[in-house]
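The values are calculated or read from the model by the stated rules, or taken from the named source; none is laboratory data. The structure presented is a predicted model; accordingly, all values stated were derived computationally and were not measured. Note that we place each Cβ from the backbone using ideal geometry, even for glycine, and neighbour counts take in every protein chain shown. Accessible surface areas use protein heavy atoms only, side chains included; no ligands, DNA or RNA. Shrake-Rupley method; radii C 1.70, N 1.55, O 1.52, S 1.80 Å.
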Amino acid sequence: MAIDQIHDLQQVYRKLLHSMSRPGTISSIEQETKQVDINFGCADSFILSAMVLLDAEVTFHVLSKDRQNLIEKISNYTSARFASVKEADFILVLQEDEESDVLEAMAQCKIGNLIDPQQSATWIIESAVLSNEDALVLTGPGIETAAHLSTGQSFRFWQARDSRIKEYPMGIDMIFADSSSQIACLPRTVSAIPMEVK
Amino acid sequence: MRTNTHFAFFDEGSKKEIRRATLKAVAIPGYQVPFASREMPIARGWGTGGLQLTLSLIGKTDVLKVIDQGADESVNAVSIKKLVQETTGVQVTDQTEEADLIQSRHRIPEIPLTKDQILVLQVPMPEPLRPVEAREYATKRMHSEDDYSGAWLMLFEQIVKYGKTATAADHPVYVNGRYVMAPSPIPRFDNPKMHQSEALILLGAGREKKIYAVPPYTAVESLAFEDYPFAVESFEGQECRLCGSAHVFLDELIDQKTGETVYQCNDTSYCMEQLNSTEKAEVESSYA
């Protein structure tokens, strides 16, 4: 069965909103990913998160150089336009992407300005299987005391994120989507501190 | 001719735009995110911001409650409920606990909200600095510079004039220690309910084209001076004449016949619930 553009995407949006307002909370969108009948060559939860938010009014950037195919597919399905990393409203990162490319993009992407902090990039990241193990300690609005999240990103990734959110209210927001149909979010307000490497 | 409307009235493009603005609003608590407020079948300034948020959120399985100044059955609440119900077919309710989407005009329900609920507030004037500065680009700059002297001055002038802060409703709050926000014209009584709330609170201003949010577990502090601390409306010694509840927000009414001042719960569904619980006990006891 094909994705229902109205009801399935509404459900995914509500899960995204739930996870964005409660950072570290992992939401399952298994019911909806079951409906995806096209192979985009990436996690279904990742593609659904993009479908919920992208349309002709926004731009996106796919980090991977050899994924012309994915760019075309996303454009065809959502009518969103491809843009450079400096201009894109949404930056799509696949698990196969090189860390050096990710860090470079993080340094270049837009973070808004003090007058319009909402004009910043939102990152949609295909991640390792999400869990609430204590790889990261999260604190900030939406979290009662502290939350734990594991996304598989390296220490350097979190350092790079820190350097782009320190000028709050400017910053970037992140959506993590894994191959087990789970999503979690990290808005710019949340401090994510990596625990010691085990 | 009667045509079928799209689910939740909006086209999907409009929903997406509102959803993107909402996620940004959640990520920057208290900051007013501009959005392309749509024409709605009700007039701007009558809850179109809240309505647009509700329509962008709602799904087939949601249960909706709409309140207007505490009442489930006043015109604004009923019209909005009808519009949403006719275009989505969702279940509507008066019970606060049953609803997972609550759209409200100027009140936060008496029953504490839970993590599975979303409160949508209708906002007429989202800009707390508007009374001191008419230009939008100037107020945006003030927000960017964390310059809230205008809001403080407003409260100070009230103290000079009236001996206390005289905000009847819409008393400005600091959200997450960064943005000063208009909490919508809720009574001061409801301001503390926003602090570390369990439910997500979304605020929508249709005419002013702004969406903003207070995520759960976020610090919301009412503006106040050390020597003039923030105080909520006091109903000391008063209780609801119908259900007898105290420690709730009461409406002050004048009895037409006797000319006496009487008090009554503002939250009608809460009042009804209290009455029903006592009624039931009476029936049970008489049966026994």
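Work out, step by step, the length gained on full extension between A:ASP66 and A:HIS148: first 0.36 nm times the residue separation, then minus their alpha carbon distance; give nm to one decimal.
The span from A:ASP66 to A:HIS148 would gain 26.1 nm if fully extended.
Report the relative contact order of chain A, percent, no decimals, based on alpha-carbon pairs under 8 angstrom and at least 6 residues apart.
Working: 417 pairs, mean separation 49.8, N = 198.
Dividing the mean separation by the residue count of chain A yields 25 percent.
Within 10 Å of the Cβ of each residue in A:8-20, the mean number of Cβ atoms contributed by other protein chains is 5.
For chain A, return all DSSP H helices satisfying: extent of Cα atoms along own axis at least 24 Å; mean Kyte-Doolittle hydropathy at least 0.5. Span-like helices, by this rule, are absent here. Tell me which of A:LEU92, A:SER19, B:PRO172 sits at the most positive position along the dipole axis of the protein assembly as shown, charges placed on C-beta atoms (Lys, Arg +1; Asp, Glu -1). Highest projection toward the positive end goes to A:LEU92.
If you restrict to DSSP beta bridges whose two residues both lie in the stretch B:12-222, what percentage is antiparallel, to the nearest 5?
Working: 15 of 31 bridges.
Percentage antiparallel, nearest 5: 50.
Would you work out if the stretch B:12-222 is rounded, prolate or oblate? Take a ≥ b ≥ c from the square roots of the eigenvalues of the alpha-carbon gyration tensor; rounded if a/c is under 1.5, else prolate when a/b is larger than b/c, oblate otherwise. Taking the square roots of the gyration eigenvalues as a ≥ b ≥ c, the stretch B:12-222 is prolate. For B:SER222, the amide hydrogen comes within under 5 Å of the amide hydrogens of B:TYR174, counting only partners 5 or more places away or on other chains and with H modelled in the peptide plane.
Computed on protein heavy atoms with a 1.4 Å probe, the accessible areas place B:ASP227, A:ASP116 in the order B:ASP227, A:ASP116, largest first.
With a simple spin-label model that places each label point 7 Å from the Cα along the Cα-to-Cβ direction, the separation between A:ALA128 and B:ARG44 comes to 5.1 nm.
For the protein assembly as shown, adding -39500 (n - 2.57) for each run of n ≥ 4 DSSP H residues and dividing by the number of residues yields -9500 deg cm²/dmol at 222 nm. Only protein heavy atoms count here; on that basis, with a 1.4 Å probe, A:PHE176 has an accessible area of about 0 Å².
Peptide A:77-89 has a mean shielding of 0, counted as Cβ atoms of other protein chains within 10 Å of each residue's Cβ. Distance from the Cα centroid of the stretch A:136-198 to that of the stretch A:64-78 is 27 Å (rounded to whole angstrom). Between B:GLU226, B:GLU198, B:GLU145, the residue with the greatest mean-square fluctuation in the GNM of chain B (Cα pairs under 10 Å linked by springs) is B:GLU226.
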